[in-house]
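First comes the structure, then the notes that go with it.
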Amino acid sequence: MKTADKLNIIIAGTGYVGLTTGLALGYLGHNVTCVDNNTALIDKLERGISTIFEPGLEELLRDNSDDVSFTEELFEDLPRADIVIIAVGTPSKKNGDTDLSFVEAVARNIGAAMNTEHPPVIINKSTVPIGTARRVETVIKEVLERRGAACSFCVASNPEFLREGAALHDTFYPDRIVVGTEDVQALNLIRQMYAPILEQTFTPPQAVPRPEGYSLPALVTTSPTSAELIKYTANAFLATKISFINEFAAIAEKVGADINEVAKGIGLDKRIGPGFLKAGVGWGGSCFPKDVRSILFTSSQYNCELQLVQAALEVNRRQRKKVIEKLQQTLKVIRGSTIGLLGLAFKPNTDDIRESPAIDVIQELLDMGARVKVYDPIAREKYKLAYPEQNIVYCNSAAEAAQESDAVVLLTDWDEFWHLPWEKIGDSMSQKIIVDGRNMLNSDELRQLGFTYTGIGR
Ligand code: UGA
């Protein structure tokens, strides 16, 4: 059911955020144009093929073809646009600062083609450092000046909080929507854009059902600067929460407690909450590592050290080494051994391998002289493409990776790893050793089957 008052929306960038947002807004009844300067991406999307692995996305792409179009040309629809959403990449520079060149390029293009009679509201959805809303405004103004044109327009900050692997779910059913602007008209237009989500008046797409008991999301309106800081604070907090439980995993091991039980025991306290308390090999992905480095960079510029966040980063670095330490404890000698590694993606339900713990663990094992066999349900091709120099054996199943291995190391908590035929797998291994980097396996059952099992903090 289409319920939104139709707005003309342009989304610049068709990565995780841009594509998910574009398809969701199209589904809600808006007229959406997704723009990307990558010809290959646009070509695929026009043919209804998803360019990222994300549950539900392909269905939406197929069912949405009338409301969402794809183009390389930002200028075409710009004069009619009510809203332009900037959702291009903001990679890390070497020093931790954020590279804003893609954001600024889009801003220049907007300035060059914007209709000054009907200026669109511009939204920064990319994760950007503090002050970027102002920076985008300045860049657009400069271009307008060069054109001999002028008009008043608004750049709002509207950070996203979607998780890869649950991106559509988080877009349709968010906890909150944060809009940073001091312009009432712009705020009203953005509220109109999100009205079907804020009021939950849409019929859920089949692939993305509304969760039972879901209550309406809050609309949090702030200054642009607060909105920008909310995004970094949220990610830094979640990353710190994971590092916190990982640090306690170490003490749980020393005293003989089980960190899963400890996490359950504290997570039921509403003030703490159960989320992001799964101990393991630590956090990766395209967001936490980049955003943590970026806010640390910003804080250093202000001479305002974020000690807790810095420590969370250190704990996370250390956490990746735990798997190797555990192999050394059980296997003793790593050189010459064969290790079967389960999981390349930085987390399940995505083929994204950016800053995945697997990258460091594999490199370390290779450096130590091990033979490495790997299996991942979907991230294999991406990994192969990114690390062609790594001499590893790619397998077609977990059982194949384990066969004749001296140890199995589990790094990603894919659902299919819950139900592996461990008895049969054990019989095919050279030594029955398991290092469970995600604490997902049943340790008692595995021990009964004769495995030497080690988890993280258990
Ligand atoms: C994260 C945030 O959760 C989103 O809210 C945010 O919008 C997004 O970054 C972003 O900035 O774009 P994402 O990186 O997709 O989302 O993944 P998460 O589900 O947050 O997981 C991040 C990492 O933490 C993964 O490596 C995961 O395995 C690890 N993790 C997560 C744990 O080790 N333990 C946990 O309890 C939870």
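The values are calculated or read from the model by the stated rules, or taken from the named source; none is laboratory data. Not measured: the values here are computed from a predicted model. Ideal geometry is used to build each Cβ from the backbone, glycine not excepted, and the neighbour counts take in all protein chains shown. For the accessible areas, the whole protein counts, side chains as well, though only heavy atoms, and no ligand, DNA or RNA atoms are used. Shrake-Rupley method; radii C 1.70, N 1.55, O 1.52, S 1.80 Å.
Numbers below:
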{"quantity": "Members of region 162-204 that are in contact with a helix residue (DSSP H, G or I) (Cβ under 6 Å, 6 or more places away or on another chain) and more than 16 Å from the ligand (Cβ to nearest atom)", "calculated": "Thr181, Phe202"}
{"quantity": "Hits in region 36-76 (condition: at positive phi and touching a Lys or Arg at 6+ places or on another chain (Cβ under 6 Å))", "calculated": "Gly48"}
{"quantity": "Region 222-243: number of residues that are over 19 Å from the mean Cα position of the chain (by Cα) and surrounded by fewer than 18 Cβ atoms within 10 Å (Cβ to Cβ)", "calculated": "4"}
{"quantity": "Per-region count, region 335-375, residues of a type in the set (Asp, Glu), part of a loop (DSSP other than H, G, I, E, B) and open to solvent by 10 Å² or more (accessible area, probe 1.4 Å)", "calculated": "2"}
{"quantity": "Ser286, sole failed condition from (1) at pLDDT 95 or above; (2) outside any helix (DSSP H, G or I); (3) within 26 Å of Gly22 (Cβ to Cβ); (4) not assigned by TED's automatic domain parsing to the domain that holds Ile83", "calculated": "(1)"}
{"quantity": "Which listed residue, of Lys322, Lys332, is crowded, with 18+ Cβ neighbours inside 10 Å and either assigned by TED's automatic domain parsing to the domain that holds Pro357 or of a type in the set (Phe, Trp, Tyr) (or both)", "calculated": "Lys322"}
{"quantity": "Test for Ala166: is it in the same structural domain as Ile353 (by TED's automatic domain parsing) and buried (at least 16 other Cβ atoms within 10 Å of the Cβ)", "calculated": "no"}
{"quantity": "Subset tally (residues that are more than 8 Å from the ligand (Cβ to nearest atom) and assigned to a helix (DSSP H, G or I)) for region 239-262", "calculated": "16"}
{"quantity": "Residues of region 82-104 classified as open to solvent by 20 Å² or more (accessible area, probe 1.4 Å), under 24 Å from the mean Cα position of the chain (by Cα) and touching a residue at least 12 places away in the same chain (Cβ under 8 Å), total", "calculated": "9"}
{"quantity": "Residues that are of a type in the set (A, V, I, L, M) and open to solvent by 30 Å² or more (accessible area, probe 1.4 Å), drawn from region 122-161", "calculated": "Ile130, Ala150"}
{"quantity": "Matching residues, region 263-279, being open to solvent by 40 Å² or more (accessible area, probe 1.4 Å) and part of a helix (DSSP H, G or I)", "calculated": "Lys264, Gly265, Ile266"}
{"quantity": "Among residues of region 293-308, those that are within 16 Å of Ile245 (Cβ to Cβ) and either crowded, with 23+ Cβ neighbours inside 10 Å or basic (Lys, Arg) (or both), counted", "calculated": "0"}
